[in-house]
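Take this structure first; my questions come after.
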Amino acid sequence: MSNRVSRRAFLGTTASAAAAFSVIPNHAMGSVLGHRAPSDKLNVAVIGPGGRGRSMLNAVKPTENIVALCDVDWRNNALAAFNDNANARRYKDYRKMYEEMRNSIDAVIVASADHAHACQAAEAIVMGKHVYVEKPLTHSVYESRLLTNLAAKHKVATQMGNQGSSGPGVSQIVDWITAGVIGPVRRVDTFTDRPIWPQGLNTPKQPQWVPDGLDWDLFTGPAKLIPYHEIYHPWNWRGWWAYGTGALGDMACHIMHPIFKALRLGYPTKVQGSSTMLLVDCAPTAQFVKYVFPARNIAPPRGVRMTYPEVEVNWYDGGIKPVMPSVWPAGKNMNDQGGGCIFYGEGGDMIVCGCYGVNPWILRRDGSVQLPEADVAPAQESEGQGQRRGGSRGDEFRNLGATVRPAPATPKTQREIPRGAGGHEMDWVRACKESPDNRTETASYFGEAGPFNEMVVMGVLAVRLQGLNKELHWDGEKMEFTNIGDNEGISMIVEDRFSVADGHPQINPIRSPRMNAKEFARELIKHTYREGWSLPAMPA
């Protein structure tokens, strides 16, 4: 924000003015007292407006000042964002933007490739800037822990871009679980239909010229610099381990969040992964991950008999779905907006929702369905309009032959966040303007999003370490696997070579040299950054 007034300058001015009467504007008082009026505008910088950042930019633009845009690729989408925000300064290197505008920026939106999130967000936090980071929060476990601790130390407002966390579906699921509607949960199945970008690919052998407008060195950032190829960028970087986290990192932040929040999960203790062909550089076309979380000693609300026992959480992607429960309504598609989630209560009842926590419903052990009361009644035709209103979800299940009833009324345990376009982003804006001591945290502030993202990217480690052929034991506090021996080795496929000779299929993949598994795991947990990029120290 402009016209900042420091405490020293303010006191000096009032002293010299003696008896003169002064009126201090709201934004100036905010600089002194630690809060700002909601009507004051933030000065926002956006990293990655040519990709997902455009959506966040458009969400906050109507009420805030967009003062700087930074993108490594000045073609097409980024160019359109520049033209639509002509007053914003343009950058390719976020480090230069921070150097030149550190005193002109209040908040930063980070929506670059996954591998660059941590260094871009961490530097902003250390400068005292509020940060919004698109999901996944980071590329590694260590980076997630770092952002969690930095945000707490510097008391900035934060939000991860898993928009469903601000939606009513997640809140409803938390309320049902907390009230013991299906009893203790010992298993959860989740899935996504992603990836929708190519994965399971061999590393290209023939480099290409870097197109005009793209700075490939800056895109690479902290990762190892390799020759450019269009198979990596734009968009497809999600499927390459150096830059992305595959379908798990892309979508689990949406689909698993209701589980993490409702079951009050912490660090998993055991994990194992499997997949289609695992390549050293590219994520597989389909994956399965099994997490095991220990029992949690959490007191339920008064009058509720609810416990939080050890729970198994299963993840499927690449088009593979969990097996349908025996009482599943015949004809009902499990996929709701890109994925789904099934909580299994130990008595046989279930809670089901779609991706982002949308459209939650209860499936009872007898096959009957319970919905929020507003969704139960049959749709009715509006008089003289020929339109139907209300109860469309209830009709869907009745048409499948299910008995439909209202879900039990339960106490509301979650803050209601304004709905509509930009609600998730604007709730972060609201938090940015509140005093740290009196701030209401966002739905996915780093104190929750950080530990949650550790869980997500730790699943990526399980897939990449599947060649050890065992369940891995995880010490969350220390961020390390405890059952990988000092002398264990691991090898992965570098190139998938398939041919047909005399009518017979020939599979002769090229494998990497055998690596020390413990050292490889440590590098996955905490990356070694390329020279020129770094992270601040972990707060004590």
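Please report the orientation-averaged projected area of the range 284-431, defined via the convex hull of its C-alpha atoms, in nm². All intermediate terms of the calculation are to be shown ahead of the outcome.
Values: hull surface 53.1 nm².
Approximately 13.3 nm², given one-decimal rounding.
In addition: Determine, from the Cβ-Cβ distance of Ala299 and Glu99 and an R0 of 56 Å, the FRET efficiency 1/(1 + (r/R0)^6), rounded to the nearest 0.05.
Working: r = 49 Å, r/R0 = 0.88.
Efficiency for this residue pair is about 0.70.
Within a 10 angstrom radius of the beta carbon, how do Phe191, Phe343 rank from fewest other beta carbons to most? Don't skip to the answer; put the middle values down first.
On the way: Phe191 26, Phe343 29.
Fewest-to-most ranking of Phe191, Phe343: Phe191, Phe343.
What is the calculated FRET efficiency for Leu201 to Asn333, with r their C-beta to C-beta distance and R₀ = 45 Å, to the nearest 0.05?
So, using R0 = 45 Å, E works out to roughly 0.95.
Could you pull out every whole DSSP H run in the chain that spans at least 24 Å of Cα extent along its own axis and averages -0.5 or higher on the Kyte-Doolittle scale?
On the way: long enough: 446-464 (27 Å, 0.83).
Both cut-offs are met by 446-464.
Okay, moving on. Please report how far the C-alpha centroid of the range 445-516 lies from that of the range 209-277, rounded to the nearest whole angstrom.
Answer, in whole Å: 14.
Where q = 0.21 Å⁻¹, what log10 of I(q)/I(0) comes from the Debye formula for the range 38-132, counting one point per Cα?
Here the Debye-derived log intensity ratios amount to -1.00.
Also: Quick one: which of Lys224/Lys470; Lys261/Lys470; Lys61/Lys433; Lys433/Lys526; Lys61/Lys135; Lys96/Lys224 span more than 23 angstrom between C-alpha atoms? Show your work: numbers first, answer last.
Details: Lys224/Lys470 30 Å; Lys261/Lys470 28 Å; Lys61/Lys433 16 Å; Lys433/Lys526 33 Å; Lys61/Lys135 20 Å; Lys96/Lys224 21 Å.
Pairs exceeding the cut-off: Lys224/Lys470; Lys261/Lys470; Lys433/Lys526.
Could I ask something else about it? What does DSSP give for the chain in terms of the percent of beta bridges that are antiparallel, rounded to the nearest 5? Write out the running numbers ahead of the final one.
Working: 46 of 74 bridges.
Roughly 60 percent of the beta bridges in the chain run antiparallel, per DSSP.
When only Cα pairs under 8 Å and 6 or more residues apart are kept, what is the percent relative contact order across the range 30-178? If you can, show how the numbers build up before the last one.
On the way: 234 pairs, mean separation 28.9, N = 149.
Taking the mean separation of contacting Cα pairs over the length of the range 30-178, I get 19 percent.
Grab the DSSP H runs of the chain that are 4 residues or longer, score each as -39,500 (n - 2.57), total them, divide by all residues and round the 222 nm result to the nearest 500 deg cm²/dmol. Walk me through the numbers on the way to the answer.
Working: 15 runs with 146 residues, N = 540.
For the chain, the value works out to -8000 deg cm²/dmol.
Based only on Cα atoms, what Rg/Rh ratio does the chain have, Rh being taken as Kirkwood's radius? Provide the component values of the computation, followed by the final result.
Values: Rg = 25.2 Å, Rh = 25.2 Å.
Checking Rg against Rh, the ratio lands at 1.00.
What is the projected area of the convex hull of the Cα atoms of the range 203-312, averaged over all directions, in nm²? Walk me through the numbers before you get to the answer.
On the way: hull surface 38.8 nm².
Mean shadow area of the hull around the Cα atoms is 9.7 nm².
Can you list the aspartates and glutamates whose alpha carbon is less than 15 Å from that of Lys41, not counting same-chain residues fewer than 8 positions off?
Cross-link targets: Glu64, Asp106, Glu425, Asp427, Glu434.
Express the relative contact order of the range 323-454 as a whole percentage, based on alpha carbon pairs under 8 Å and six or more residues apart in sequence. It would help to have the intermediate numbers written out before the result.
On the way: 156 pairs, mean separation 20.0, N = 132.
Across the range 323-454, relative contact order equals 15 percent.
Moving on. Counting alpha carbon pairs within less than 8 Å and at least 6 residues apart, what relative contact order, in whole percent, applies to the chain?
Working: 1130 pairs, mean separation 99.3, N = 540.
It comes to 18 percent, rounded to a whole number.
Counting only Cα atoms, I'd like the Rg/Rh figure for the range 70-118, Kirkwood definition for Rh.
Working: Rg = 11.2 Å, Rh = 11.8 Å.
Reported Rg/Rh (Cα atoms, Kirkwood Rh): 0.95.
Where a number appears in this text, it was derived from the coordinates with a stated rule and is not lab data. Small disclaimer: the values here were computed from a predicted structure and weren't measured. All Cβ positions, even for glycine, are placed from backbone atoms using ideal geometry, and neighbour counts span all protein chains on display.
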